[in-house]
1. HN-Hα J couplings of region 113-124 from phi, Karplus 6.51/-1.76/1.60, θ = phi - 60°, integer Hz, Gly and Pro as x?
2. Pull out the extension gain between Lys144 and Ala42, defined as 0.36 nm times the separation in residues minus the alpha carbon to alpha carbon distance; nm, one decimal.
3. Debye calculation, C-alpha points only, no solvent: report log10 I(q)/I(0) for region 17-77 at q = 0.12, 0.30 Å⁻¹, in the same order as the q values.
4. Compare the Cα positions of Val58, Gln36, Ile86 along the charge dipole of region 1-89 (+1 at Cβ of Lys, Arg; -1 at Cβ of Asp, Glu; about the Cα centre) and return the one farthest towards the positive end.
5. Could you give the nm distance between label points at Leu11 and Glu81, where each point is 7 Å from its Cα heading toward the beta carbon?
6. For each of Thr20, Thr72, Thr55, count neighbouring Cβ atoms within 10 Å of the residue's Cβ, then give the residues from fewest to most.
7. Where in region 111-125 does the amide nitrogen come within less than 13 Å of the point 7 Å from the Cα of Ile73, taken along Cα to Cβ?
8. Could you list which residues have their amide H under 5 Å from that of Val60, counting only those 5 or more apart in sequence or on another chain, with H placed in the peptide plane?
Amino acid sequence: MKTAVIAPLGLSPPVVTAGTDSAQIPVNDLVIIATQDPHVLAGLELIRVAMSINTPEVYVHAEVLPFDDVTTIEENFLLMERAKQIILRERAEHRCERVLLNVAGGRKNMCITLALIGQLMNVDGVFHIVNKNIQIGRYSVDRKARGDAYFKAQIQLMTDKPYCPLAYENVVFASHPRVGNLDQAIFKTKLVDIHLLTKLQ
C-alpha cells in the first residue's frame, strides 16, 4: 500500500523528517508545503539532501506557495486550495492509497487549516510531533531548566542521525473520519483527539 505524507514547512525542518521517520510504516511520497521565505526554502533544501541520503526510496516533492507567509484570508484560501489539489493528486496520479497529514510544521494557522481540509478530504490520518524537551524549554519557570531543555532538544534534533535532522520524536496521532475506533489507528503510539493536542503534559 503506497503512503503519502503531506507536511507544511516552517523554520523547523526536523519536524517534517521526524514525521516520516516516526510513522512506523513505509512512506513512499513526502509532499512539503513551503512558502517563499528564504529560511523556509533553505530548510526545504536541507530536507531534500537529508532524505536523499537517509531515505532515498521516498519521493520528495514540494509545493511552494507564491508568498512569504500565510497572513491573510486570501493566502489561507490559496493554501486550502493547494492542499485539496495535493491530496487529490496523491491519490489519482501517484496512486497513494493512504494519505496522512503531518501538521507539526509551519504556522499554527496552516496546521489548523490543513487539519480541517484533511477531514473534509477524508484523509487517513492527521498527526503532530511533540518534543518533551522543547515543551520544558518553553514553559518551565526555572531559567536553568529551560536552557538545559533547549540544549538537549537541539542535540537530539541534530545528532540522532548524523548529517540529517531526522529526529526521533513522539508521534501524537489525532482521530480522523476514516478510523472508526482508535484501536485501528496505524501508529503504535499515544493516541489523542485533535482538540487535546494543546493540552498535553
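Where a number appears in this text, it was derived from the coordinates with a stated rule and is not lab data. Fair warning: this is a prediction, and the values are worked out from it, not measured in the lab. Glycine gets a Cβ as well: all are built from the backbone with ideal geometry, and neighbour counts include every protein chain shown.
1. Per residue, the Karplus-derived 3J(HN,Hα) values read 4, 5, 4, 5, 4, x, 5, 5, 8, 6, 5, 7 Hz.
2. 33.6 nm
3. Taking Cα atoms of region 17-77 as identical point scatterers yields -0.35, -1.26.
4. Highest projection toward the positive end goes to Val58.
5. If labels sit at Leu11 and Glu81, their model points lie 2.9 nm apart.
6. Going from least to most buried by this count: Thr72, Thr55, Thr20.
7. none
8. Leu30
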